[in-house]
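Participant: The structure that follows is given in the form of structure tokens.
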Amino acid sequence: MSEPETKPLETGGMVYAPVGIGGWLILPIIHLVLNAGLILFYLAKGFAKGFANGLAEGAPQAATAPAPPVEFSPGVDFAMALSLFSLLIVAYAVFCLIQFFRKKKSVPRLMIVFYILLLVLVGASYYLVTQFPELPHSPKMVGEATMGIVRTVIAVAIWIPYFLVSVRVKNTFVR
């Protein structure tokens, strides 16, 4: 029975080879948890606000009256699709966390996809706030959406290259 070949750890010119979840690799974990939590918080806040607005419009009609057909504006359709996309990103973030702690070899690719999805989400949120006048929004919301894009672009510019070239990443995610 032959032993499996083990390749030496990459040191990247350092005296020792960084291995394991530590150093800067802690920050993407925090980023995954915070993003999933914030997305869920803002979705819950939005649904609660929409539910409260629906109750304020009046009592439901009598059961004998036919229900009018429900038609949504393109902005509302886009907002609902964006909410679904946000929930998928939360599920994907949880999946990434599980793979992260299992130290799977696929984690660098998964994280790159996560950051790209996050960029798409904030871009779509900005589009929603600026392009659909029938939806309630304020200059403050436009400013927040703009800052969301700036923060996400900075995160993408830092973390995608990190997952591509980091010695710790290469030595940690090997399973």
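Participant: State yes or no: is residue 149 loosely packed, with under 14 Cβ neighbours inside 10 Å, over 19 Å from residue 21 (Cβ atoms) and either free of Cβ contacts under 8 Å to residues at least 60 places away in the same chain or of a type in the set (A, V, I, L, M, F, W, C) (or both)?
Facilitator: Details: loosely packed, with under 14 Cβ neighbours inside 10 Å: no; over 19 Å from residue 21 (Cβ atoms): yes; either free of Cβ contacts under 8 Å to residues at least 60 places away in the same chain or of a type in the set (A, V, I, L, M, F, W, C) (or both): yes.
No; evaluated as a whole, the condition is false for this residue.
Participant: Residues that are surrounded by 13 or more Cβ atoms within 10 Å (Cβ to Cβ), farther than 22 Å from residue 48 by Cβ and of a type in the set (S, T, N, Q): does segment 75-93 have at least one?
Facilitator: no
Participant: Going by the structure shown, is residue 58 modelled with pLDDT of 80 or more, on the phi > 0 side of the Ramachandran plot and assigned to a loop (DSSP other than H, G, I, E, B)?
Facilitator: no
Participant: Of the residues that make up segment 160-171, is at least one under 14 Å from the mean Cα position of the chain (by Cα), at pLDDT 95 or above, among the hydrophobic types (A, V, I, L, M, F, W, C) and under 30 Å from residue 21 (Cβ atoms)?
Facilitator: So far as segment 160-171 goes, no, none of its residues is under 14 Å from the mean Cα position of the chain (by Cα), at pLDDT 95 or above, among the hydrophobic types (A, V, I, L, M, F, W, C) and under 30 Å from residue 21 (Cβ atoms).
Participant: Please specify each residue of segment 1-53 satisfying the condition of being of a type in the set (Val, Ile, Thr) and either under 16 Å from residue 168 (Cβ atoms) or at pLDDT 90 or above (or both). Full working, then the answer.
Facilitator: Filtering segment 1-53 for residues of a type in the set (Val, Ile, Thr) gives 6, 11, 15, 19, 21, 26, 29-30, 33, 39.
Across segment 1-53, the qualifying residues are 11, 15, 19, 21, 26, 29, 30, 33, 39.
Participant: Hey, any hits in segment 153-162 for a residue that's among the hydroxyl-bearing types (Ser, Thr, Tyr) and within 18 Å of residue 86 (Cβ to Cβ)?
Facilitator: Checked against the condition, which is being among the hydroxyl-bearing types (Ser, Thr, Tyr) and within 18 Å of residue 86 (Cβ to Cβ), segment 153-162 yields no hits at all.
Participant: Then there's this: Within segment 156-166, identify whether any single residue is of a type outside the set (Asp, Glu), farther than 15 Å from residue 25 by Cβ and touching a residue at least 24 places away in the same chain (Cβ under 8 Å), and answer yes or no.
Facilitator: yes
Participant: Continuing with the same structure: Say we look at segment 111-133 and pick out the residues that are without any contact (Cβ under 8 Å) to a residue 24 or more places away in the chain and surrounded by 17 or more Cβ atoms within 10 Å (Cβ to Cβ); which of these is farthest from residue 30 (Cα to Cα)?
Facilitator: 129
The values are calculated or read from the model by the stated rules, or taken from the named source; none is laboratory data. What you are looking at is a predicted structure, and each value in this text was computed from that prediction instead of being measured. No Cβ is skipped: glycine too gets one built from the backbone with ideal geometry, and neighbour counts run over all protein chains shown.
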